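Shown next, in structure tokens, is the structure this report addresses.
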Amino acid sequence: MQRWKHTIAYEIYPSSFQDSNGDGIGDLNGITSRLDYLKSLNVGAIWLTPVYASPMVDNGYDVSNFYEINPLYGTMADMDNLIAQAHKRGIKIVMDLVFNHMSDQCEWFKESKSSRHNPKSDWFIWKDGVAGEPGTRPAPPNNWRGIFGGSVWEWNEERQQYYMHTFATQQPDLNWENPDVRQALFDIANFWIKKGVGGFRIDAIPYIKKPNGFESGIPDASDGLVSVHTMTVNTPGVLDFLQEFKKNVTQGKDVFTVAEANGVGPDDLKYWVGENGAFDMLFEFGHLHDVEIWCKPSPYGIMDFKKALLASQEATAKNGWYPAFFENHDKPRCVNNYFSERVAADPKLRVLAAKAMATLLLTLRGTPFLYEGQEIGMTNVQWNDLEKYDEINTKAQYKMALQEGFSHEQAMAFVNRFSRDNSRTPMQWNADANAGFTTGKPWLSVNDNYVEINVAAQESDPNSVLNFYRRLIALRSSNANLDGGPFTALLPEHEQMMAYRRGDGIVVLVNLGETEVEYDGRLVENRKLLIGNYEGPFESSGVTRVLRPLEAVIYGM
Ligand code: NOJ
Ligand code: CA
């Protein structure tokens, strides 16, 4: 039995979850101390973002050694203890495999850059530049822009060549064309399987294959560059690498895989997941309002969100399995991301919105992935000072906004809206100093609203977001229709309401808009209201019924 299909997964961003030693940085022992809390949410798998040795330029996504634990987070003994303590509670640990790139501080890269003739010389992607005037440095090989801004090419004096980095300069891309590189990566994954981890989240995987020729593309901004995403995502041949990964790492073992796959859409899913695909599940980006250049956000509305979710449900009904998620450590908080500013600013509406998203998360067909703090409805921050932000893309995007002609105030508005630090502020455990996250100085400021939004306050409030999640989780695990039943879209063209059936028993209706909507009572005929996000006894009845703003209801037999 594929247990992961029936589990609740929970993502932990270790720096921000729980500090155990007062240094202001969350750590492994902190996570272990909170396992009972996770158990109370019926969590069966914890996805840990990278905890390996790292200089932390991209907060652990720049790995210098996959066989060591970052001392900021603890020791290998702490990691073994976390795995063991989690197992005792029926919880699997899911490790993050960052296999598109490494840190420039890893031994492999140090060796690779030392000369053009060392055994690891082609473990990374090296290219000659384009020669210009004699005596000047050659120009970069092409015009690709990295995800964090600037050229993907960085000049190296020792080799007199450029190396490629899809993300930060300090994150050189590995050369997957070299079989030794692939074997070294498979060995790493197998090392962690031997340690007893239950699965992998696989980072940035659609970028590992680069197109032959490395041709320049048509510029998409005033810097004359074109997004590396456009140029390299899902390049033909990527699936051969991934099938090899499956054969050498996961096939026949009790581990599940969920790959981060921005740029792989529902139509491609059949090649990526399921029996013949490389992975069990894929984090798609279609429904996220994903914006690569923050100062150029595309218009986005309820219909975009809804269409993306419905397309994924349709695709995963045929192949593979779906990981439902609305938040992670790269995205704004969902009450900010999917609703107007008015909703996040109004305590009542904010709670309704958090519960509406909870209803979707726990009733779509797939494995729900919660992100730390989502279960209490944590929100974005609103910092006016760029210095308060830590993460590398925020700084890059601010710079890009100024380059594109926006003012400081406008650039800060983009930062407030999209910064990845919105979801990385420390977990809000209680109303004590630093929200109970640390006794020291937190590495990233706590969101000021922790006095109001925190776990302790919500534990004792039956109507809290947290207890709403618990009720939904209990309903889901006791209801075969919700747990595994087929998904049937209802009212696919409705512009405000998500409506669907699970199996033949459950009907879910969610009003994602801020105004009332009417619906035909026959949709829920012969069923009773099981859960709703509004308090109080009021329930619409009759032929023409009403869903109030942001109202979410689940009807069942
Ligand atoms: C996706 C990760 O989620 C993100 O945090 C990271 O910066 C990039 N991949 C690069 O590893
Ligand atoms: Ca610590």
Name, by its number, the condition in (1) part of a helix (DSSP H, G or I); (2) surrounded by fewer than 23 Cβ atoms within 10 Å (Cβ to Cβ) that does not hold for Ser298. (1)
Which of the numbered conditions does Ala77 fail, given that it passes all the others? Conditions: (1) of a type in the set (A, V, I, L, M); (2) out of contact with any Leu (no Cβ under 6 Å at 6 or more places or on another chain); (3) touching a residue at least 12 places away in the same chain (Cβ under 8 Å). (3)
Matching residues in the stretch 258-301 (hydrophobic (A, V, I, L, M, F, W, C), touching a strand residue (DSSP E or B) at 6+ places or on another chain (Cβ under 7 Å) and within 16 Å of ligand 1 (Cβ to nearest atom)) number 8
Given (1) touching a residue at least 60 places away in the same chain (Cβ under 8 Å); (2) in a loop (DSSP other than H, G, I, E, B); (3) of a type in the set (Lys, Arg), Arg201 misses just (2)
In the stretch 119-133, anything of a type outside the set (Val, Ile, Thr) and assigned to a loop (DSSP other than H, G, I, E, B) is listed as Pro119, Lys120, Ser121, Asp122, Trp123, Asp128, Gly129, Ala131, Gly132, Glu133
Among the residues of the stretch 194-201, is any closer than 27 Å to Asn328 by Cα, of a type in the set (Phe, Trp, Tyr) and away from ligand 1 (no atom under 16 Å from the Cβ)? no
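If the requirement is being hydroxyl-bearing (Ser, Thr, Tyr), at pLDDT 95 or above and touching a Pro at 6+ places or on another chain (Cβ under 6 Å), which of these qualifies: Thr235, Thr230? Before you say what the answer is, go through the steps one by one.
Working: Thr230 fails: touching a Pro at 6+ places or on another chain (Cβ under 6 Å).
The match here is Thr235.
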Exception for Lys120 within (1) away from ligand 1 (no atom under 16 Å from the Cβ); (2) buried (at least 18 other Cβ atoms within 10 Å of the Cβ); (3) modelled with pLDDT under 95 falls at (3)
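Matching residues to (1) among the basic types (Lys, Arg); (2) touching a residue at least 12 places away in the same chain (Cβ under 8 Å); (3) surrounded by fewer than 23 Cβ atoms within 10 Å (Cβ to Cβ); (4) touching a His at 6+ places or on another chain (Cβ under 9 Å):
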| position | (1), (2), (3), (4) |
| --- | --- |
| Arg333 | yes, yes, no, no |
| Ala353 | no, yes, no, no |
| Ala356 | no, yes, no, no |
| Pro368 | no, yes, no, no |
| Glu375 | no, yes, no, no |
| Met378 | no, yes, no, no |
| Asp390 | no, yes, yes, no |
| Tyr398 | no, yes, yes, yes |
| Glu409 | no, no, yes, no |
Could you go through the stretch 232-245 and let me know if any residue there is within 24 Å of Ala168 (Cα to Cα), part of a loop (DSSP other than H, G, I, E, B) and not hydroxyl-bearing (Ser, Thr, Tyr). yes
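Looking for whichever is without any contact (Cβ under 8 Å) to a residue 40 or more places away in the chain and under 30 Å from Ile188 (Cα atoms) here; the options are Leu269, Leu239. Which one fits?
Leu239
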I'd like the full set of residues that are of a type outside the set (A, V, I, L, M) and farther than 30 Å from Lys399 by Cβ, limited to the stretch 268-301. Asp268, Lys270, Tyr271, Trp272, Gly274, Glu275, Asn276, Gly277, Phe279, Asp280
Out of all the residues in the stretch 396-416, is one or more out of contact with any helix residue (DSSP H, G or I) (no Cβ under 6 Å at 6 or more places or on another chain), in the same structural domain as Leu352 (by TED's automatic domain parsing), of a type in the set (Ser, Thr, Tyr) and modelled with pLDDT of 95 or more? no
Which residues, taken from the stretch 136-150, are more than 16 Å from ligand 1 (Cβ to nearest atom) and either of a type in the set (Val, Ile, Thr) or modelled with pLDDT of 95 or more (or both)? Thr136, Pro138, Ala139, Pro140, Pro141, Asn142, Asn143
For the stretch 5-112, please list each of the strands (runs of 3 or more DSSP E) lying entirely inside it that holds at least 1 residues being of a type in the set (D, E, K, R) and either away from ligand 2 (no atom under 16 Å from the Cβ) or within 22 Å of the chain's Cα centre (by Cα) (or both). 8-12, 65-69, 92-97
Residues in the stretch 16-75 that are within 16 Å of ligand 1 (Cβ to nearest atom), out of contact with any strand residue (DSSP E or B) (no Cβ under 8 Å at 6 or more places or on another chain) and on the phi > 0 side of the Ramachandran plot total 2
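Would you point out the residue of the stretch 430-441, among those that are of a type outside the set (Gly, Ala, Ser) and buried (at least 20 other Cβ atoms within 10 Å of the Cβ), that is farthest from ligand 1 (Cβ to nearest atom)?
Only one residue fits best here, namely Thr438.
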Which members of the stretch 453-467 meet the condition of being in a helix (DSSP H, G or I) and buried (at least 17 other Cβ atoms within 10 Å of the Cβ)? Val455, Ala457, Gln458, Val465, Leu466
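For every residue, the table says whether it meets (1) touching a residue at least 60 places away in the same chain (Cβ under 8 Å); (2) aliphatic (A, V, I, L, M); (3) within 30 Å of His6 (Cα to Cα).
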site	(1), (2), (3)
Asn81	no, no, yes
Arg89	no, no, yes
Val98	yes, yes, yes
His101	yes, no, no
Trp126	no, no, no
Gly146	yes, no, no
Trp153	no, no, no
Asp173	yes, no, no
Val181	no, yes, no
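The values are calculated or read from the model by the stated rules, or taken from the named source; none is laboratory data. These numbers were taken from a predicted model, which means no experiment stands behind them. Note: ideal-geometry Cβ built from the backbone for every residue, glycine included; neighbour counts use all protein chains shown.
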